[in-house]
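The values are calculated or read from the model by the stated rules, or taken from the named source; none is laboratory data. Computed from a prediction, not measured in an experiment: that's the story for all the values here. No Cβ is skipped: glycine too gets one built from the backbone with ideal geometry, and neighbour counts run over all protein chains shown. In case anyone asks, the SASA skips ligands and DNA or RNA and just uses the protein heavy atoms, side chains included. Shrake-Rupley method; radii C 1.70, N 1.55, O 1.52, S 1.80 Å.
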Amino acid sequence: MSAFPIDYLPSPDPFVEFDIWLKKALAAHEIEPTSMTLATVTRDQKPNARIVLFKGFSQGGFCFYTNYESAKAQELEMHPNAALIFHWKTLELQVRVQGKVQKLSRQESEKYFASRPRESQIGAWTSAQSRILNSRKDLESKRLEVEKKFEGQEVICPPFWGGYRVIPEAFEFWVSEPGRLHNRFHYTYDKKTGWQINRLFP
């Protein structure tokens with residue numbers, strides 16, 4: 001059974017519509033409902049993708065956090081454009097987002113970092129993300145060094161760690177329907193007229 005009626009009409013505001021869909025996913029107890037595929041472009045113009053976690057909105061953008069020296073961060077530095085995909089399998093819903101990417105302020109990154117479990121804070125200092133690791137033993141040794149360094153004190157946000165926001169220029173909402181005749185709603189943004197919505201063939 002579809003998550004929405006066959007004649008469903010989405011909100012004219014894609015952010016309102018996304019909130020409706022995310023709440024449905026949370027209520028359905030989807031596994032990792034805030035997980036999203038982040039697609040970037042490499043130095044040699046090849047697509048690259050991985051799963052990250054959506055951490056809320058900031059100034060009209062989808063936020064996530066990472067090591068600023070990671071592969072994804074380097075790709076975003078060269079090509080500050082990205083695509084996101086949310087897929088909620090149980091509900092058979094999908095949301096695609098395309099947009100420009102910019103770093104969050106240091107204040108925003110530090111505020112979020114302070115809310116993370118201490119284990120994750122230690123992990124951020126431990127990992128030289130995306131670089132070659134000789135052995136698991138080396139990683140564990142590094143973790144012990146970091147734990148000792150911050151023993152008995154607050155773990156501060158690393159200067160090489162922080163957040164990004166993807167500011168949408170386009171959305172697509174996809175609802176599975178029988179016979180592969182899915183419902184697709186595509187939003188694009190115009191500076192003069194705001195968000196425009198069209199229904200697409202499946």
Subset tally (residues that are within 17 Å of GLN94 (Cα to Cα) and out of contact with any Ser or Thr (no Cβ under 9 Å at 6 or more places or on another chain)) for region 152-178: 4
Residue in region 33-62 that is surrounded by the fewest Cβ atoms within 10 Å (Cβ to Cβ), counting only those that are part of a strand (DSSP E or B) and of a type in the set (S, T, N, Q): ASN48
Just give me the residues in region 72-94 being open to solvent by 10 Å² or more (accessible area, probe 1.4 Å), in contact with a strand residue (DSSP E or B) (Cβ under 7 Å, 6 or more places away or on another chain) and over 20 Å from SER105 (Cα atoms), in sequence order. ALA83, ILE85, HIS87, GLN94
Cβ pairs under 7 Å, 6+ apart or interchain, first in region 73-99 and more than 25 Å from ILE31 (Cβ to Cβ), second crowded, with 19+ Cβ neighbours inside 10 Å and β-branched (Val, Ile, Thr), ordered by first then second residue, are ALA73/THR66; GLU75/THR40; LEU76/THR40; LEU76/VAL101; HIS79/THR40; PRO80/VAL101; ASN81/VAL101; GLY99/VAL166
Of the numbered conditions (1) in contact with a Pro (Cβ under 8 Å, 6 or more places away or on another chain); (2) surrounded by 15 or more Cβ atoms within 10 Å (Cβ to Cβ); (3) of a type outside the set (S, T, N, Q), LEU26 fails exactly one; give the number of that condition. (2)
Exactly one of these conditions fails for TYR65: (1) assigned to a strand (DSSP E or B); (2) more than 10 Å from TYR164 (Cα to Cα). Give me its number. (2)
Contact list, first residue from region 34-61 and more than 14 Å from VAL101 (Cβ to Cβ) and without any contact (Cβ under 8 Å) to a residue 40 or more places away in the chain, second anywhere and basic (Lys, Arg) and surrounded by 11 or more Cβ atoms within 10 Å (Cβ to Cβ), beta-carbon distance below 9 Å, six or more apart or interchain, is THR34/LYS55; ARG50/LYS72
Does region 103-123 contain any residue that is within 17 Å of the chain's Cα centre (by Cα) and farther than 27 Å from GLN153 by Cα? yes
Checking ARG184, ARG165 in turn, the sole residue that is open to solvent by 20 Å² or more (accessible area, probe 1.4 Å) and of a type in the set (D, E, K, R) turns out to be ARG184
Among the residues of region 144-159, which ones are part of a loop (DSSP other than H, G, I, E, B), more than 12 Å from PHE113 (Cα to Cα) and open to solvent by 20 Å² or more (accessible area, probe 1.4 Å)? GLU151, GLY152, GLN153
Taking into account only those residues within region 96-131 that are open to solvent by less than 50 Å² (accessible area, probe 1.4 Å) and in contact with an Asp or Glu (Cβ under 7 Å, 6 or more places away or on another chain), which is nearest to SER176 (Cα to Cα)? GLY99
